[in-house]
Amino acid sequence: MICISNLSKRFGDRHVLRDITLSINAGETVALLGPSGGGKSTLLRCLNGLNTFDRGEIRIGDHLLSPANHRADLKAIRRFFGMVFQDFQLFPHLSVLGNVMEAPRRVLGWPRDRAEARAKALLDRVGMSGHLAAYPGQLSGGQKQRVAIARALAMEPRGLLCDEITSALDPEMKYEVLRVLEDLKRDGLTLVLVTHEIGFARRAADRVVVLCDGAIVEDGPPAEVLDRPRSERMRAFLQRVLV
Ligand SMILES: Nc1ncnc2c1ncn2[C@@H]1O[C@H](COP(=O)(O)OP(=O)(O)OP(=O)(O)O)[C@@H](O)[C@H]1O
Ligand SMILES: [Mg+2]
């Protein structure tokens, strides 16, 4: 479903992604791990068209992103993936319900009733139906993140791109958010997750892909990559994160 071929990207003279080739199947959950600065966020942003790139191409379904036609299929590709960020990025001036209704109303032109019914159903699904009228400033981090997930789902994407969405949360709230992700996975949503939650990756991911210095150094089932890494870089990384 998603084919990344020979993707390369530089920021100035820094080579941030080096010839990345990676396929992700529909319904697959891929955990993206690796040391800080390795290119994980940049790769995720390329997948959503938030970053341009210099070489290679990304095919998502029938749509193509390449350096030459960055704009052509951008809209379709943005509809394909919802994105969730570490710092939530909710609209502070809108209620929980308003945050989730906003994109369907503005982008899809849905009437209020329809957008509201869908938003309520999604907020129920992430366990936030008791907070419809609250504003982001009144919520805990875990609650904000669950609203952000509902908001990303409101555009009916086929997949979610999640960039360290539990990193700013304390353990109990992490658990609530990870449980929502596991539920979405069971429903067949494609998930690409940058995460430092090794336990979660082991339990929920179908595949673990490790990026170091802009290159893929490992790609395989969690048990293989996490227990029997082939690369020295991954062994060193695991030693540091598993202390
Ligand atoms: N907008 C930018 N301009 C210049 N350099 C950038 C920009 N964004 C990222 N970089 C550089 O690209 C490299 C990869 O960054 P990226 O954010 O993708 O890493 P990461 O794997 O997500 O790291 P972390 O785990 O710390 O989030 C880093 O060296 C970073 O400094
Ligand atoms: Mg990052």
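Tabulated data
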| read-out | value |
| --- | --- |
| Selection count, region 71-87, where residues are within 16 Å of ligand 1 (Cβ to nearest atom) and not β-branched (Val, Ile, Thr) | 4 |
| Residue within region 171-193 that is within 16 Å of ligand 1 (Cβ to nearest atom) and either assigned to a loop (DSSP other than H, G, I, E, B) or at pLDDT 90 or above (or both) present | yes |
| Tabulated pairs, region 34-51, first crowded, with 21+ Cβ neighbours inside 10 Å and of a type in the set (Lys, Arg), second modelled with pLDDT under 90 and assigned to a helix (DSSP H, G or I), C-beta under 9 angstrom, 6+ apart or interchain | none |
| Options Ala26, Ala103; residue that is part of a loop (DSSP other than H, G, I, E, B), over 16 Å from Val209 (Cβ atoms) and under 19 Å from the mean Cα position of the chain (by Cα) | Ala26 |
| Search result, residues across region 177-212 that are closer than 14 Å to Ile149 by Cα, in contact (Cβ under 8 Å) with a residue 40 or more places away in the chain and charged (D, E, K, R) | Asp183, Lys185 |
| Close pairs from region 126-138: first outside any helix (DSSP H, G or I), partner not small (Gly, Ala, Ser), Cβ under 6 Å, at least 6 apart | Val126/Arg146; Val126/Ile149; Val126/Val180; Met128/Arg146; Met128/Val147; Leu132/Val96; Leu132/Leu97; Ala134/Val96 |
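The values are calculated or read from the model by the stated rules, or taken from the named source; none is laboratory data. None of these values were measured; they are calculated from a predicted model. Cβ: placed from backbone, ideal geometry, glycine included. Neighbour counts: every protein chain shown.
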